[in-house]
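Q: Input: one structure, supplied below.
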Amino acid sequence: MGEKVEKMRKSKMGWLWENMQGYRILYVFSILGTAVYSVMQLIVPYVTQSLIDLFLTGEDAAANLTNRRTLFYQLIVAMVLLTLIRTTIVYLTCMGVEHVSQKALYRIRNYLFNKIERQDMKFYSTFRTGDLMTRLTGDLDAVRHMIAWVLRTITESLALIVATAAYFLYMDWQLALCMLAISPFILLIIVKFKNKVAPRHKELREKLAQMNTAAQENISGNRVVKAFAREAHEIERFDQCNTEYSQTNRKTAMTWLTYYPYVESFANLMPVVLLAVGGIFIINNQITMGEYVAFSGLIWAIANPMRQLGNIMNEFQRFSAAADKVMEIYYSEPEIVDKPDAIEKAGRLEGRVEFKNVSFQYADGNLPVLHNVSFEIRPGETVAIMGETGCGKTSLIQLIPRFYEPTEGEVLVDGINVRDMKLTPLRKNIGLATQDVLLYSDTIDGNIAYGDTHIKPEEVVKFARYSAASDFIARMPEGYDTIVGERGVGLSGGQKQRISLARALAVKPAILILDDTTSAVDMETEKQIQHSLRELDFPCTKIIIAQRISTTKSADKILVLQDGRITEMGTHDELVAKRGYYYSLVKLQTG
């Protein structure tokens, strides 16, 4: 990880080169082609100079037209042919750099998505969804633009300036130096512009991420917005984000517009210098008319690249701001990973779970969530966890599949510390139905079979029956082929919970974890689900977070968590006899 972070600090260009692997030769040839066609732009002025000096204004112009007419035609044909060749090179180089940029973009985007998918929970609590979307879209487009346009334009401008300057010096070094003396002033202005615009682009990037985050949150949470009639408030909030982005964008654009008149003024001095100094040189016969025309015809080859430097610098700073954000994800590494010697237990897990003196605190939290928690669950047992909201129930179960790791103590599955087990086999043996149900924009069948895409249709129906979902699915317009809207829109909370439970059961887990999964279903449906869970056709250890006594009373063991500590442990009858927290819940719910 340290080596990769060091790479990131070394060079953004090195990172681009790394992602051009397989297409580097094509890119190098395309950049060389760009330099070649830039130099070839001198051909037309050179041939024009020769035509004027030999056949129009020279002392022997009339004789040359009579005696060297073949050369006259040869020069014209050469000019046309070389122009066609240059046009072909331009087309091929543009296609080459565009092809490489798209391939690099494809590779980086896939790599980033893969990297994001494999991050741990801490990553997702740090980065906002809208910000991640911006990195995968707008920021990557800036990276592609750098490969396809900025680097090619830099090469084109430098090649043109160097070749033209060399040609000017070859024709008349004194006139050339008079014209090129303006260049340092333009470069000084560009350097000042670069220092001013760099922080603007970073600020602009942040404003764009904020605006995208606001849009993403409102679109995904539109039901909450409508439920509280907050449309006007959210429109105003988005308008504020949009206004800030627009103002920052305007400031960024105005930065270049502030410096552009100075660049343009110095660039426009070149024709004035040529007219004044070049006119004197012609009068003194220091240069020929053909050379003057060549100078005049190539002023643009110095002035235009100088003007272009501002746009190039602007785009380069845009790339720099975007690349910082992209590379932050690109070189990030999850903290919870497989050890080099991690254990992959063959076959199915037995389902034994043990907590030994486990304490836990979130990295960004000030207080511990769990304190010295110890208990054991034997294979096949059903354990219920109860407690007040915020007492650490969800945090506790998230330690089993290693979504987080304890700050102290050990979590063991089948007698092995989960830190020493490979993540994928461990998690494949755990079926998890969370409190916050997420269903994908897919069929009901596809959602249930999400954890095992090779499951047979009849098994999908079986697991839907286990979760008491088969009846309402049968009443859907297309049954199991009914498309579920984004995040399960169109389904009730109880229906989503039952599909989520069927999805958890469909992987036939050795350990089934239910986080308040039946809170939105009626008592009769809950009774059906409890019966099904007792009659599963595969061995399974069940850990259930619940608030209803009807759910917990048949459990083999009940854990009561209070302020991150286990204060009560035992069966329903044992805890009722203790007349503690659990007894008060029984009285409250049953009267």
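The values are calculated or read from the model by the stated rules, or taken from the named source; none is laboratory data. All of these numbers come straight from a predicted model, not from anything done at the bench. Glycine gets a Cβ as well: all are built from the backbone with ideal geometry, and neighbour counts include every protein chain shown. For the accessible areas, the whole protein counts, side chains as well, though only heavy atoms, and no ligand, DNA or RNA atoms are used. Shrake-Rupley method; radii C 1.70, N 1.55, O 1.52, S 1.80 Å.
Q: Using a 1.4 angstrom probe on heavy atoms only, work out the carbon and sulfur share of the accessible area of region 494-539 in %. Provide the component values of the computation, followed by the final result.
A: Working: 810 of 1720 Å².
Summing carbon and sulfur atoms, their accessible area is 47 percent of the total for region 494-539.
Q: A follow-up question, please. Sort the following peptides by mean Cβ neighbour count (other Cβ atoms within 10 Å, averaged over residues), highest first: 281-291, 551-561.
A: Numbers: 281-291: 15.1, 551-561: 21.1.
Per-residue mean Cβ counts within 10 Å order the peptides as 551-561, 281-291.
Q: So, counting K/R as plus one and D/E as minus one, what does the shell of residues with Cβ under 11 Å around Ala555 add up to?
A: Working: positive: Arg534, Lys542, Lys553, Lys557; negative: Glu381, Asp556.
My count for the surroundings of Ala555 gives +2.
Q: Just to confirm a number: summing +1 for Lys and Arg and -1 for Asp and Glu over residues other than Pro457 whose beta-carbon lies under 14 angstrom from that of Pro457, what do you get? Numbers along the way, then the final one.
A: On the way: positive: Lys456, Lys462, Arg465; negative: Asp445, Asp452, Glu458, Glu459, Glu478, Asp481.
Local net charge: -3.
Q: Follow-up question, since we're still on this one. I need to check one value: relative contact order of the chain, counting alpha carbon pairs closer than 8 Å and at least 6 residues apart, in percent.
A: Details: 828 pairs, mean separation 80.2, N = 591.
RCO, the chain: 14 percent.
Q: What Kirkwood hydrodynamic radius do you get for region 179-313 when you take the inverse of the mean 1/r over all pairs of distinct Cα atoms, in Å? Could you put the intermediate results ahead of the total?
A: Details: mean 1/r = 0.0533 Å⁻¹.
Result for region 179-313 stands at 18.7 Å.
Q: Test of understanding: what is the full-extension gain from Glu328 to Lys422, defined as 0.36 nm times their sequence separation minus their Cα-Cα distance? Present the calculation step by step, with values, prior to reporting the outcome.
A: Working: separation 94, 0.36 × 94 = 33.84 nm, distance 2.62 nm.
Gain in length upon complete extension: 31.2 nm.
Q: What accessible area per residue, rounded to a whole number of Å², is obtained for region 279-427 using a probe radius of 1.4 Å? List each step's numbers first, then the result.
A: Numbers: 6490 Å² over 149 residues.
Per-residue value: 44 Å².
Q: Dividing the alpha-carbon radius of gyration of the chain by 2.2 N^0.38 Å (N being the number of residues), what value is obtained? Don't skip to the answer; put the middle values down first.
A: Details: Rg = 35.9 Å, N = 591, 2.2 N^0.38 = 24.9 Å.
Working it through for the chain, the quotient is 1.45.
Q: Any of Lys456/Lys508; Lys115/Lys456; Lys393/Lys462; Lys12/Lys194; Lys393/Lys587; Lys207/Lys496 with alpha carbons more than 24 Å apart? Name them for me.
A: Working: Lys456/Lys508 13 Å; Lys115/Lys456 31 Å; Lys393/Lys462 30 Å; Lys12/Lys194 17 Å; Lys393/Lys587 22 Å; Lys207/Lys496 36 Å.
In this structure, Lys115/Lys456; Lys393/Lys462; Lys207/Lys496 exceed 24 Å between Cα atoms.
Q: Whose amide H sits under 5 Å from the amide H of Thr541, counting only residues 5 or more places off or on another chain, with H placed in the peptide plane?
A: Residues meeting the criterion, in which the H sits 1.01 Å from N, are Gly380, Ile511, Leu512.
Q: If you don't mind, there's one more thing I want to ask. Quick check: pseudo-label points 7 Å beyond the Cα along Cα→Cβ at Tyr440 and Val77, how many nm apart are they?
A: 6.6
Q: Where in the chain are the DSSP H helices whose alpha-carbon span along the long axis reaches 27 Å or more and whose Kyte-Doolittle mean is at least 0.5? It would help to have the intermediate numbers written out before the result.
A: Values: long enough: 69-117 (72 Å, 0.60); 151-171 (30 Å, 1.28); 183-220 (53 Å, -0.23); 231-273 (62 Å, -0.63); 289-330 (60 Å, 0.20).
Result, helices passing both filters: 69-117, 151-171.
Q: Now for a separate question. Accessible area per residue, 1.4 Å probe, Å², for region 97-229: what's the number? Please list the in-between numbers first.
A: Working: 6680 Å² over 133 residues.
Dividing the accessible area of region 97-229 by its residue count gives 50 Å².
Q: What's the Cα-based Rg to Rh of region 108-260, Rh via Kirkwood?
A: Working: Rg = 23.1 Å, Rh = 19.7 Å.
Over the Cα atoms of region 108-260, Rg/Rh equals 1.17.
Q: Average projected area of the Cα convex hull of region 202-263, in nm²? Don't skip to the answer; put the middle values down first.
A: On the way: hull surface 18.1 nm².
With every direction weighted equally, the projected area is 4.5 nm².
Q: Over the Cα atoms of region 340-412, Rg to Rh with Kirkwood Rh, two decimal places? Walk me through the intermediate numbers first.
A: Numbers: Rg = 13.4 Å, Rh = 13.6 Å.
Reported Rg/Rh (Cα atoms, Kirkwood Rh): 0.99.
Q: Over all distinct Cα pairs, what is the inverse of the mean 1/r for region 530-587, reported as the Kirkwood hydrodynamic radius in Å? Don't skip to the answer; put the middle values down first.
A: Values: mean 1/r = 0.0808 Å⁻¹.
One over the average 1/r among Cα pairs gives 12.4 Å for region 530-587.
Q: Tell me the carbon and sulfur percent of the accessible area for region 308-418, rounded to whole percent, probe radius 1.4 Å.
A: On the way: 2160 of 4810 Å².
Exposed carbon and sulfur together represent 45 percent of the surface.
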